[in-house]
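A short write-up of the structure that comes next.
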Amino acid sequence: MTSIKSSPREPFSKMLPNIVTIFGICVGLTAVRMALQDNINAALYLLVFAMILDAVDGRLARALQSESKIGAELDTLADFFNFGIATPLVIYFTIFANTEASRFGWIAVMIFSVCCALRLARFNVSLSSDVKSVNFVGVPAPALACLGLSPLFLVMAGVDVAEHYAVPAIIFVVICAGLAVGTFPTMSLKGITFPASMRLPVILLVVTFLICLIVFPWYTLLVANAIYFLMIPIFAYANRSRPAADI
């Protein structure tokens with residue numbers, strides 16, 4: 001009598017990071033649908049949620065020791081879809097689609113998408129590099145998407161960007177795209193340190209930011225984007241002599 005070998009078993013926890021990543025793609029796709037239905041508020045909340053899921057899946061994989069090649073590739077594909085396809089589509093259909101500058105707006109969001117793809121491709125190539133750093137090279141895809149959504153945050157704050165500021169919005173989107181493919185170092189949360197005596201003030205500052213994000217989400221994101229945007233040249237100049245790994 002021949003014995004039937006049972007297939008290898010795998011704990012469900014090992015699949016959780018990939019499930020979170022795939023769920024993130026669904027969230028980004030739903031954001032596009034909401035934008036096409038003129039539900040800008042829901043579309044923006046979903047894109048911000050996709051950014052949170054992107055931050056969670058990698059950390060979850062490391063915590064559960066379930067990192068894999070397919071997980072890394074899936075994460076990159078999810079990043080490109082959510083931040084290189086869904087985000088520019090939401091920007092276009094919300095601001096540029098029904099304006100006189102629609103053609104130039106479409107060119108701008110295509111440049112945005114291409115630069116996001118190049119940024120992620122460079123990231124994949126850099127995985128084999130021996131140079132390691134806590135800093136990023138250029139603006140990472142989630143930060144790129146958040147910066148690119150600034151005109152939509154203005155819309156939610158009551159500014160008629162499509163009517164009065166379509167051209168500045170186009171220029172801003174292209175500038176953000178260029179920041180993604182830049183070769184200058186940009187800050188990463190991993191590289192931020194502070195004296196142990198400042199622990200409580202830092203916790204209070206973060207809690208205050210989160211409260212403001214809940215109560216005044218669009219104004220808070222606008223202020224955060226402005227600070228991040230202004231910090232890019234300052235940080236790049238201060239760290240110009242240090243090697244940066246594209247992480």
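Points to keep in mind about this one:
- S102 vs. criteria farther than 18 Å from V181 by Cβ and touching a helix residue (DSSP H, G or I) at 6+ places or on another chain (Cβ under 9 Å): yes
- On inspection, L189 qualifies as modelled with pLDDT under 90, under 26 Å from R59 (Cβ atoms) and of a type in the set (A, V, I, L, M).
The values are calculated or read from the model by the stated rules, or taken from the named source; none is laboratory data. Treat the numbers as computed from the prediction; the structure is a model and nothing was measured. Heads up, the Cβs are rebuilt from the backbone with ideal geometry, glycines too, and the neighbour counts pull from every protein chain shown.
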